[in-house]
1. What nm value, rounded to one decimal, do you get for the distance between Tyr80 and Ser9 when each label is placed 7 Å out toward the C-beta?
2. Working out 0.36 nm times the residue gap between Trp169 and Phe100, then minus their Cα-Cα distance, what length gain in nm do you get to one decimal?
3. For Lys81, Lys163, which order do you get if you count the other beta carbons within 10 Å of each Cβ and list the fewest first?
4. Using alpha carbon centroids, what distance separates the range 167-189 and the range 11-51, in Å?
5. What number of lysine-lysine pairs in the range 2-195 show an alpha-carbon separation below 29 angstrom, given a sequence spacing of 8 or more or placement on distinct chains?
Amino acid sequence: MEIFLYTLSVMYSPGPVNFMGLNAGLTGQFSRTFGFFIGVGCSMLVLFIIFGYVGEAVLPHDYLHFVALLGALYVFYLAYKMISSNLDLKATQHKKTLNFWDGFLIQTLNPKAILVILPVTTIMFPTAHITGSMILMISFLISLGAAGAPFLYAFAGTQLHQKITNPIWFNRINTYMGLLLIISGIFMLHDFLKGMHFL
């Protein structure tokens with residue numbers, strides 16, 4: 001039970017994946033973003049299976065900061081695209097939406113995901129005697145929760161979308177979401193610099 005409480009509390013907290021889900025809902029793209037949610041869940045499943053069966057040997061803590069650097073660069077790119085886009089409510093249906101690979105990449109390069117997985121697979125699984133096929137089953141259930149986090153943020157965004165009709169406010173919110181992504185990227189960059197012993 002503590003495994004699910006721990007993973008859900010971390011996955012449902014604000015972060016780059018959830019900010020992107022919220023933005024998709026705000027821009028009226030909720031129904032076209034399901035591939036993104038599935039990509040996030042699949043990434044978590046793959047990571048859980050790899051770390052669950054092979055353990056910490058796949059990616060020792062000493063190399064985690066390199067994942068943080070890649071994640072930060074990708075988040076900065078997504079933030080730039082978000083801030084520089086000028087939202088036209090009539091044109092959102094033609095705008096490129098978040099897809100499966102966007103979700104898979106951002107979740108795989110998100111150090112937060114790996115930091116969720118490592119304690120679960122190296123400490124909680126062995127303590128709870130979760131081995132063999134149980135690793136796959138528990139990993140699948142947690143991955144469903146991972147896909148649900150940006151889904152719920154996107155759904156919340158759709159509720160706000162219905163209440164806001166002026167495109168100026170959508171563009172401002174889009175900019176704020178981009179700035180939040182930049183802040184998330186700065187934290188990832190901080191993890192990289194700390195790992196390189198620059199801080």
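1. Reported label-point gap for Tyr80 and Ser9 is 3.7 nm.
2. Here the answer is 22.0 nm.
3. Final ranking by Cβ density, sparse to dense: Lys163, Lys81.
4. 16 Å
5. 12
Every read-out reported here was derived from the displayed coordinates using simple, explicitly stated rules and does not represent laboratory data. From a predicted model like this one, the values you see are computed outputs, not experimental measurements. Please note: Cβ atoms are built from the backbone with ideal geometry, for glycine as well, and neighbour counts cover all protein chains shown.
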